[in-house]
1. Within the group 334, 316, which residue is at pLDDT below 95, over 30 Å from residue 261 (Cβ atoms) and in a strand (DSSP E or B)?
2. Can you confirm whether the range 313-331 contains a residue that is over 23 Å from residue 379 (Cα atoms), touching a residue at least 24 places away in the same chain (Cβ under 8 Å) and touching a Ser or Thr at 6+ places or on another chain (Cβ under 9 Å)?
3. Restricting attention to the range 131-162, which residues are in a loop (DSSP other than H, G, I, E, B) and either surrounded by 13 or more Cβ atoms within 10 Å (Cβ to Cβ) or among the acidic types (Asp, Glu) (or both)?
4. Report yes if some residue within the range 332-345 is closer than 30 Å to residue 248 by Cβ, aromatic (Phe, Trp, Tyr) and in contact with a strand residue (DSSP E or B) (Cβ under 9 Å, 6 or more places away or on another chain); otherwise report no.
5. How many residues are surrounded by fewer than 17 Cβ atoms within 10 Å (Cβ to Cβ) and under 28 Å from residue 327 (Cβ atoms) if we restrict to the range 241-276?
6. Determine whether the range 368-380 contains at least one residue that is touching a Cys at 6+ places or on another chain (Cβ under 9 Å) and either of a type in the set (Phe, Trp, Tyr) or outside the structural domain of residue 244 (by TED's automatic domain parsing) (or both).
7. Of the residues that make up the range 32-49, is at least one aromatic (Phe, Trp, Tyr) and closer than 19 Å to residue 143 by Cα?
8. Out of curiosity, is residue 99 aliphatic (A, V, I, L, M), more than 18 Å from residue 152 (Cα to Cα) and in contact (Cβ under 8 Å) with a residue 24 or more places away in the chain?
Amino acid sequence: MRRLLLSICLAAGTIAGAGCDSSTKPSCAIAIAAGDQNRTIGPGASQFSVGVVAPSGCGWSASATGGFLTITSGASGTGNGTIEVSAAANDSVVRLGTVVAGSATASVTQQAADGSTCAFAVTPATASVPAAGGTVAVAITVSVGTNCNWTAATSAGFIGIAPLSGSGNGTVTLTVAPNSGVARTGDVVVAGRSISVEQAAFGPAPCSYDLSPGVTSVGVSGGTLTYTMTTGPTCTWQPAVIQIGGTTYLAIIDPGLKTGSGSFHVQAAANPGMSLLGQVSAGNVVRTIVQDENPGVCQVSVTPASLSLTSAAQTASFTVNLVTGNSTLCPITANPAFVPGQPTFITTSFIQSSSGATPLQVSVSANTGTVRTNTVQVKWGWKIEGDTVVQAYVVNAPVSQDAPPPAQGSVIKK
């Protein structure tokens with residue numbers, strides 16, 4: 001009898017004073033009201049209610065998913081209740097969301113901007129077609145909805161479409177006409193999704209060239225350098241060397257016109273003098289070669305160390321001394337230093353003699369302002385710093401010019 005009473009109590013809930021344990025709790029089964037479990041709303045902004053059915057004393061909380069639904073009131077409650085929900089306007093394809101209360105879920109479908117309740121997946125999103133033309137198969141898959149109709153259209157005159165409409169899953173074939181001009185692009189809209197069709201230009205594609213390595217050094221005793229060209233299979237190119245400074249020390253071992261990717265070799269002769277600069281070209285790419293100097297062959301000095309000139313226009317000179325070597329092994333240049341934003345007042349004249357001392361003439365205009373200074377740079381040799389070729393040796397010879405003397409009769413304050 002006691003067991004029967006306990007079973008009745010468990011089935012009926014707590015009945016205080018009727019022989020049942022007063023601590024027995026009712027089962028909290030949360031549900032969505034029957035008419036609110038599945039809802040379809042229009043594409044415009046809207047508000048709606050979702051009813052919650054729950055035993056008295058059972059608490060619940062609510063949430064929304066989908067990104068376009070917001071709970072405005074009734075986010076929690078006890079027992080039966082109502083959840084107020086707002087939906088943002090939809091300017092795109094159909095979208096799905098849910099309103100959840102406890103473990104119960106209400107499904108919400110918002111129509112697309114055109115009022116449809118169907119959504120499609122369309123592939124591919126882009127297509128590339130050769131100049132000769134061709135076809136592209138576009139797959140249409142219904143991702144949301146039933147009995148879903150679709151259409152296909154384009155404003156590009158070189159693209160044909162078949163079929164122009166359909167229902168459910170399907171395939172659309174795009175037929176691209178041959179291209180006799182420049183590259184072109186057309187857009188096709190299938191089941192509301194845009195597809196970009198790119199067609200190549202008529203004729204061979206332009207060639208691009210990549211030559212490696214980049215800036216390269218070779219030892220004083222010379223050697224063989226290997227270069228690798230990467231390009232298209234029909235692209236032609238021919239390696240060549242560019243001698244800089246009048247010294248011929250580079251030669252192509254395997255010359256001639258070449259097609260597609262490949263390699264070639266450059267021979268550098270031994271260097272009897274200062275570091276040398278040369279270049280190798282192939283396709284439209286040029287790479288620089290620096291050959292190490294023969295140590296001690298070229299020793300240079302400049303005298304005097306600086307010039308101090310009066311304010312008058314005049315010509316003075318330094319002497320560039322080639323202590324060892326000659327002009328063939330040791331070519332030297334001399335120019336005013338460039339200072340950004342500061343025009344130079346110096347001009348130079350330097351014609352290197354075959355050996356020994358060479359005058360470096362420095363001419364200045366009359367100075368009508370304050371004391372001014374600049375530098376003449378005597379440079380020779382080359383070296384690599386990182387990926388850049390710079391002068392290996394630079395002697396800076398400063399030149400200063402006095403301000404003009406005070407005019408007669410002027411008072412000089414002490």
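The values are calculated or read from the model by the stated rules, or taken from the named source; none is laboratory data. This one's a predicted model, so the numbers in the text were calculated from it and none came from an experiment. Glycine also receives a Cβ, built like all others from the backbone with ideal geometry; neighbour counts cover every protein chain displayed.
1. On the way: 316 fails: at pLDDT below 95.
Result of the check over 334, 316: 334.
2. Filtering the range 313-331 down to residues over 23 Å from residue 379 (Cα atoms) leaves 313-314.
Keeping just the survivors that are touching a residue at least 24 places away in the same chain (Cβ under 8 Å) gives 313-314.
Filter once more, keeping what is touching a Ser or Thr at 6+ places or on another chain (Cβ under 9 Å): 313-314.
Yes, that holds for at least one residue.
3. Keep residues of the range 131-162 that are in a loop (DSSP other than H, G, I, E, B), which gives 131-133, 145-148, 155-158.
131, 133, 145, 148, 156, 158 - these are the residues of the range 131-162 that are in a loop (DSSP other than H, G, I, E, B) and either surrounded by 13 or more Cβ atoms within 10 Å (Cβ to Cβ) or among the acidic types (Asp, Glu) (or both).
4. no
5. Applying the first criterion (surrounded by fewer than 17 Cβ atoms within 10 Å (Cβ to Cβ)) to the range 241-276 yields 242-246, 248, 251, 253-257, 259-263, 265, 267, 269-270, 272.
Subsequent filtering for residues that are under 28 Å from residue 327 (Cβ atoms) retains 242-246, 248, 251, 267, 269-270, 272.
Going through the range 241-276 one residue at a time, the tally reaches 11.
6. First, the residues of the range 368-380 that are touching a Cys at 6+ places or on another chain (Cβ under 9 Å): 380.
From what is left, the residues that are either of a type in the set (Phe, Trp, Tyr) or outside the structural domain of residue 244 (by TED's automatic domain parsing) (or both) are 380.
Within the range 368-380 (the criterion being touching a Cys at 6+ places or on another chain (Cβ under 9 Å) and either of a type in the set (Phe, Trp, Tyr) or outside the structural domain of residue 244 (by TED's automatic domain parsing) (or both)), the answer is yes, since at least one residue qualifies.
7. No - not one qualifying residue is present in the range 32-49.
8. On the way: aliphatic (A, V, I, L, M): yes; more than 18 Å from residue 152 (Cα to Cα): yes; in contact (Cβ under 8 Å) with a residue 24 or more places away in the chain: yes.
Yes, satisfied.
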